[in-house]
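J.: The structure follows.
Each value in this text was obtained by applying a stated rule to the coordinates, not by laboratory testing. Predicted model only: the values in this text are computed from it and were never measured. Quick reminder, even Gly has a Cβ in these numbers, built from the backbone with ideal geometry, and neighbours come from all protein chains shown.
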Amino acid sequence: MEVLTKEKAKLERGGVDFDKGSGGLGGEGGGSPEGALPIHTGEIGLWALLATITMLFAGFTSAYVVRRASSDWQPIAVPSLLWFNTALLLSSSVTLEVARSFLKRWRLEALKGWLVVTALLGMAFIAGQLLAWRQLAAQGVYLPTSPHSSFFFVLTGVHAVHLLGGVLALCYALVQAWRFHYTPVHHDPLALCATYWHFVDGLWIYLFLMLFVW
Amino acid sequence: MEEKATVKSGRSGEGLFLALLIWLMVIVTTALFFKRAWWLPTLASDRGGIDGLFFAILIVTGIAFVVVQAMLGYFLWRFSDRSVARAAYWHESRPLEITWTLGTTVILSILILVGLRLWTRVFSAPPDDALPVEVTGQQFEWTSRYPGKDGAFGRTDPKLFSPDNRLGLDEQDPASKDDIVLVNQLYLPVDRPARVRLRSKDMLHSFFLPNFRVKQDTVPGMTVENWFVPTKEGDYEIACAELCGLGHYKMRGLLHVLSQEGFEKWLAEQGP
Amino acid sequence: MAKVHEPHVAHAPQSFIRRYIFSTDHKVIGIQYYVTAMLTGVVAGILAMLVRLNLAWPAHEWPLLGKLFPVGMEFGVMKPEFYISLFTMHGTLMVFFVLSLAPVSGFGNFLIPLQIGARDMAYPFLNALSYWTVLPGVIIMLSSFFAEGGAAAAGWTSYAPLSAVQEAIPGSGMGQTLWIIGMVFFIASFTMGGLNFVTTIINLRTKGMSMRRLPLTVWALFLVAILGLLAFPALTAAAVMLLFDRHFGTSFFLPAGMYVGDKLLAHQGGTPLLWQHLFWFLGHPEVYILMLPAMGFTSDIIATFSRRPIFSYPVMVLSMVAIGGLSFVVWGHHMFLSGMSPYLGMAFTVTTLVIAIPSAVKTFNWLATLWRAKIEFTAPMLFALGIVSLFVTGGLSGIFLGSAAADIPLHDTYFVVAHFHFIMAGASLFGVFAATYYWFPKMFGRMMNSKLGKLHFWLTFVAYYSTFFPMHYLGIGGMMRRIYDPTVYQYLAPMQPVNVFITLSAFVLGAAQLLFLFNFFWSVYKGKKAEQNPWNANTLEWTAASPPPHGNWEGPLPTVHRWPYDYSVPDVSDDYIPQSVSPAEVQARKKG
Ligand code: HEA
Ligand code: HEA
Ligand code: CUA
Ligand SMILES: [Cu+2]
């Protein structure tokens, strides 16, 4: 294990300095970015991506708000499975953090184990959503049945696609862990992955509240 | 640069040419506007305010257009002098910037206020004595309906739509008995406010009366109201201004503005 | 263990395929985008010619064209549905696949790393992926013409229900589906590009290249990337819902009681206005996505050829930020008469006219840049000046439309068509031309023929005004847009000669573009070899070789010491000081 100094780590992560230009990749890591904001390239890209996804769901939300205001709005009942799924997803965020804490303590085996658990929880959530769809269908509630059901199916579907992306990202982080690509200071892919995962997790809570509680 | 430039003198012909082009364009377009070679279709309603607003904006933007384009042309001509040794190194002037920012802000604020006053008038509540009519758009016809003697529109139901019952009138409803339904024809009395209920059976259409400064989309699932006062007798065209399919271009109706008596007479003839 | 980030672009790939086809080099990708946009532009331009042909001589018989388009023009007479497909595809291709792709994805990719002093974009692979996403998008979009029922036919705005109900119009079948899929590819690609732009500009600037020293082109592209990231998702959401409405029986945009083709549809309780809100929430920022790069190019080109610093750089940046921000709150001005609440109409009138203020400020700053200049009339400069003229003409007609009450007679007439062809088609297209003439030497290492370029400008500029200015008169006279045959209406028939005039002048306009195409391809192979800095300009790309090698600079990256507009600084012998020149060097160059 290589011990990295803080400065070195900062350099490696690239840096921005709005006034002095940056010592990022384009700058070949050259120059010492005095007072540079230590933002990694990946981090900026990720936050921009999250902004985009937020706008996507903002678009859906505005549609939902408009539609809900009509007099013929008839809500469907919460499929009971959703509570369970929500619990699964929430716990996956916890397990991901557990995994990351093991990295800090430099216990790679535990890290990998918990990452696998997280990914499995994510997959279980998606499977659970599919079951919830079946549950509704069994009650005679289909995609075109009512506006609320349409929104339910479309929004859960779009969310599941984003979660699937998260699972892929987790797999990538896992492979990196397998290949010993992390050090306690250098683990950006994992950090990015975690940010995304928590975001998609939070997104689900938001959708759940919007669809059934509000 | 310095060593390449075989020191030329005098103005660049290209600068002058572009300047002349821009000036010519300004002169031709302004002349056409002044000649009123083309203008809004003859006005036949009480919405003359819109023409006034249009004219006001035309004056303001017209001046801005002429001044800015002429200035652009002038600069091109004036500063194309190749014998000048060097351009000026000057890139800031607070007073100038404040002037033109404030200037446009003031002009635009006035335009906003004038425009909004008119807009609220156009969309104000219709007068009580307004004549109710309904116009329904469908691919590619306008169906108009008058409530008849009882003054009430009969109930309609999409389930009853058929080629014979184009509005889906419910025969059970007594109010529907005396409703008058016409295709592509609309009759209105002069000088009496008309209150038009706009609906659509299928696509978006737009009820467009060029001579009346009336335009309003008809939206399936919605009823939108518009009111105006016809002020000139005659026959006018109704157009569709929203793409609604193949026949969008020929979704044409006729609006007949009759004298008050003429209208009463016509209405009486329609009864069953 | 720790991987220190190497400049991972040091070695150029050797094989032809890796180098020119599946390249991750931002310059190659930029050119790929550019050429794709250009070829699409030719198609879209031809569609415009067909539109004009029919408007001048509606339903006339053209036996020869009948052979070319056996379905759309059976027996040589254009069918109304074919006409609708023509302008729908013309608008869509031009807005998204020509004038978003060429300036943003094309020049953006080519210029950003070169102008900020980076070796490549932040995510080269993502960059390549974004190109290989948009290409299928173009192909899918174009294949719409060969679908059963013809290409999409609901306008470039694809308003529901026309776009949602398959029976509504022939093009609403497979053609519309392909339109939606094509758009989704486009959005995916544009999003990847946007992520790349934002990250690159924030993180990869070379030493000394502070945000306050970015060329205005880069500022424009930065803002455009942000606009794209925030605006396009609304269309994605709308497209998903539209697909569901079309194929899975949902009713997001379709109300109850629609009666189409003698049949009552089963849909329940959606609202068509929702589509319009979502579309224009994207659509309005999108038109500024087309405009901002042109504004950036103009600013840089005018400064270079005026040999003057751009007037009021901070305000130029701020006004672009203001335009970008405001563009999110004006979308309703497309919907004044849509049945939306009149109160909303009032709010949108205010925001719409407010957005004219930063636009006016920009215009005046350009004029002030020309003041006491020493103008060189090169082809790029002529086009840049053309932009200013067209922008003013088009922008001022926007003031009429922005005032809700004045919009009543003008909405959906040729006045609107005139407005957006001046400001969007005109100014942005001229922006692409200006940029092409300006950066061609850097892209291909050769100069374009300047005589031909100037001739191209004169013809295009004159033909532009004579094609599109008379459309204002048509619009004021009440001629609706999107109509196949204006002579159906008595009140429009007298104006038909104007339509003929416009068409003839549009043909001249179209023909003039052949000059450009010829000049372009000829110069790629036969043009005069370009020097490193043929225009004596200040920005960093001119310190790289023409064309720049893989990795852009042979040696270390340049360090930036000043803003990009040090033209005609007093007491210095040269009339320009490139950004990479240090104060010490300037001292040395001082006269006397
Ligand atoms: C590049 C694209 C672009 C740009 C920059 C603009 C800029 C503006 N647009 Fe335009 N617009 C379109 C592209 C664009 N538009 C398109 C494509 C459509 C039609 C879509 C469709 O339906 O298919 C459209 C339609 C459209 C409408 C809807 C019309 C209708 O359907 O009825 C409106 C209404 O408000 C409008 C307004 C404006 C305004 C106020 C500006 C302003 O930003 C303009 C500001 C600029 C100036 C004002 C000129 C410079 C200023 C001066 C010289 C100073 C002096 C000025 C004064 C004192 C007033 N536009
Ligand atoms: C932004 C781009 C753009 C451009 C450049 C143009 C260019 C032209 N447009 Fe169009 N147009 C639209 C966008 C554009 N248009 C839109 C959005 C609509 C609305 C559609 C709708 O209603 O749904 C429309 C609609 C429209 C109509 C109205 C149709 C109707 O309502 O019935 C007409 C009618 O005359 C018309 C004509 C023309 C003409 C004659 C040109 C000429 O300028 C064309 C001449 C040809 C060229 C100028 C080719 C240029 C390009 C190249 C050669 C490639 C260069 C590219 C690179 C260098 C990368 N256009
Ligand atoms: Cu009805 Cu167009
Ligand atoms: Cu707009």
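J.: Which whole-number percent of Cα pairs in the stretch C:530-592 have a distance greater than 16 Å?
T.: 48
J.: Per residue, how big is the convex hull of chain B when only Cα atoms are used? Give it in Å³.
T.: On the way: hull volume 53.0 nm³, N = 272.
Per residue, the Cα convex hull of chain B comes to 195 Å³.
J.: Return one number: the angle in degrees, 0 to 90 and rounded to the nearest 10, between the long axis of the Cα atoms of helix C:379-402 and the longest principal axis of the Cα atoms of chain C.
T.: 40
J.: Cross-link partners among aspartates and glutamates for residue C:442, C-alpha distance below 13 Å, same-chain residues fewer than 8 apart left out?
T.: Result set, ordered by chain and number: C:531, C:541.
J.: Filter the GluC sites (Glu not before Pro) in the stretch C:508-592 down to the DSSP loop ones having no more than 12 other Cβ atoms within 10 Å, then list what survives.
T.: Taking the stretch C:508-592 and a limit of 12 other Cβ atoms within 10 Å, the loop GluC sites (Glu not before Pro) found are C:554.
J.: Name the shape class, rounded, prolate or oblate, that the alpha-carbon gyration tensor gives for the protein assembly as shown, where a ≥ b ≥ c are the square roots of its eigenvalues, rounded holds for a/c under 1.5, and otherwise prolate holds if a/b is larger than b/c and oblate otherwise.
T.: The shape class here is oblate.
J.: How much net charge surrounds residue B:123 when only the other residues with a Cβ under 15 Å from the Cβ of residue B:123 are counted, with Lys and Arg +1 and Asp and Glu -1?
T.: +3
J.: Using only atoms on other chains, find how many Cβ atoms lie within 10 Å of each Cβ of peptide B:11-22 and report the average. Please list the in-between numbers first.
T.: Details: counts 1, 3, 1, 9, 6, 1, 4, 10, 1, 0, 6, 6.
Across the residues of B:11-22, the mean count of other-chain Cβ atoms within 10 Å is 4.
J.: Still on this structure, please answer the following. Could you list the chymotrypsin sites (Phe, Trp or Tyr not before Pro) in the stretch A:49-152 that lie in coil according to DSSP, counting only those with at most 15 other Cβ atoms within 10 Å of their Cβ?
T.: A:73, A:106
J.: Can you tally the net charge around residue B:101? Count Lys and Arg as +1, Asp and Glu as -1, for every other residue whose Cβ sits under 13 Å from the Cβ of residue B:101.
T.: Working: positive: B:94, C:362; negative: B:97.
Cβ neighbours under 13 Å give a net charge of +1.
J.: May I ask you to derive the relative contact order of the stretch C:155-273, considering only C-alpha pairs under 8 Å and at least 6 residues apart, and to give it as an integer percent?
T.: 28
J.: In terms of Cα to Cα distance under 14 Å, which aspartates and glutamates are near enough to residue C:207, apart from those fewer than 8 places away along the same chain?
T.: List returned: A:17, A:19, A:28, A:34.
J.: Through the Karplus equation 6.51 cos²θ - 1.76 cosθ + 1.60, θ set to phi - 60°, convert the phi angles of the stretch B:160-175 into ³J(HN,Hα) values in whole Hz; use x for Gly and Pro.
T.: 8, 3, 7, x, 7, 10, 5, 9, x, 5, 8, 5, 5, 6, x, 5
J.: A follow-up question, please. Could the peptides A:153-160, C:577-584 be put in order, highest first, of the mean number of other beta-carbon atoms found within 10 Å of their residues?
T.: A:153-160, C:577-584
J.: In addition: Taking amide hydrogens as modeled 1.01 Å from N in the peptide plane, which residues meet the under 5 Å criterion relative to residue C:250, leaving out close sequence neighbours?
T.: Long-range HN contacts for residue C:250: C:245.
J.: Under the definition of Cα pairs under 8 Å and six or more residues apart, what whole-number percent is the relative contact order of the stretch B:131-270?
T.: Value for the stretch B:131-270: 26 percent.
J.: Residue by residue through the stretch B:14-23, which ³J(HN,Hα) values in whole Hz follow from phi under the Karplus form 6.51 cos²θ - 1.76 cosθ + 1.60 (θ = phi - 60°), with glycine and proline marked x?
T.: Listing the rounded values in order: 5, x, 5, 4, 5, 4, 4, 4, 5, 5 Hz.
J.: Considering only the other residues whose Cβ falls under 14 Å of the Cβ of residue C:158, what net charge follows from Lys and Arg at +1 and Asp and Glu at -1?
T.: Here the charged neighbours net out to -1.
J.: Project the alpha carbons of the stretch C:343-471 onto their principal axes and report the range along each, largest first, in whole Å.
T.: 56, 30, 26
J.: Over the C-alpha atoms of the stretch B:231-272, what are the Rg and the largest Cα-to-Cα span, Dmax, in Å?
T.: Values for the stretch B:231-272 (Cα only, Rg and Dmax): 14.3, 39 Å.
J.: Amide H neighbours of residue B:240 under 5 Å, counting only residues 5+ apart in sequence or on other chains, H built in-plane at 1.01 Å?
T.: The list, which skips near neighbours in sequence, is B:251.
J.: Across 10 Å bins from 0, what is the distribution of all Cα-Cα pair distances for the stretch B:12-99, in whole percents?
T.: Over the stretch B:12-99, the share of Cα pairs per 10 Å bin runs 14, 29, 27, 18, 9, 3, 0 percent.
J.: Among A:72, C:245, B:46, which comes first, then next, by fewest other beta-carbon atoms within 10 Å?
T.: The order, fewest Cβ neighbours first, is A:72, B:46, C:245.
J.: Then there's this: Across the stretch B:89-96, in residue order, what do the Karplus-derived ³J(HN,Hα) couplings come to in whole Hz, using 6.51 cos²θ - 1.76 cosθ + 1.60 with θ = phi - 60° and x for Gly and Pro?
T.: My calculation for the stretch B:89-96 gives 9, 8, 9, 8, 7, 3, x, 4 Hz in order.
J.: To continue, here is another question. How many Cβ atoms of partner chains, on average, are near each residue of C:301-313 if near means within 10 Å of its Cβ?
T.: 3
J.: Expressed as an acute angle from 0 to 90° and rounded to the nearest 10, what is the orientation of the C-alpha long axis of helix C:124-143 relative to the principal long axis of chain C?
T.: On a 0 to 90 degree scale, this one is about 30.
J.: Quote the relative contact order of chain B in percent (integer), defining contacts as alpha-carbon pairs under 8 Å separated by 6+ residues.
T.: Answer for chain B is 19 percent.
J.: Here is a follow-up. In µm²/s, what is D for the stretch B:137-197 at 4 °C and 1.567 mPa s, where D = kT/(6 pi eta Rh) by Stokes-Einstein and Rh is the Kirkwood radius from Cα pairs? Each step should come with its number before you reach the end.
T.: Values: Rh = 12.5 Å.
Here the translational diffusion coefficient equals 104 µm²/s.
J.: Still on this model: How long, wide and thick is chain C, going by the Cα atoms along their three principal axes, in whole angstroms, largest first?
T.: Answer, in whole Å and largest first: 86, 61, 52 Å.
J.: For residue B:214, list long-range residues whose amide hydrogen, built 1.01 Å from N in the peptide plane, is under 5 Å from its own amide hydrogen.
T.: B:209
J.: From the Cα trace of the stretch B:131-270, what convex hull volume per residue do you get, rounded to a whole Å³?
T.: Considering the Cα atoms of the stretch B:131-270, their hull volume per residue is 99 Å³.
J.: Now for a separate question. Pairs of lysines 8 or more apart, or on different chains, with alpha carbons under 20 Å: count those in chain B, would you?
T.: Close lysine pairs under the 20 Å cut-off: 10.
J.: Out of the GluC sites (Glu not before Pro) in the stretch B:124-187, which ones are loop residues according to DSSP with at most 16 other C-beta atoms within 10 Å?
T.: Passing sites in the stretch B:124-187 are B:171.
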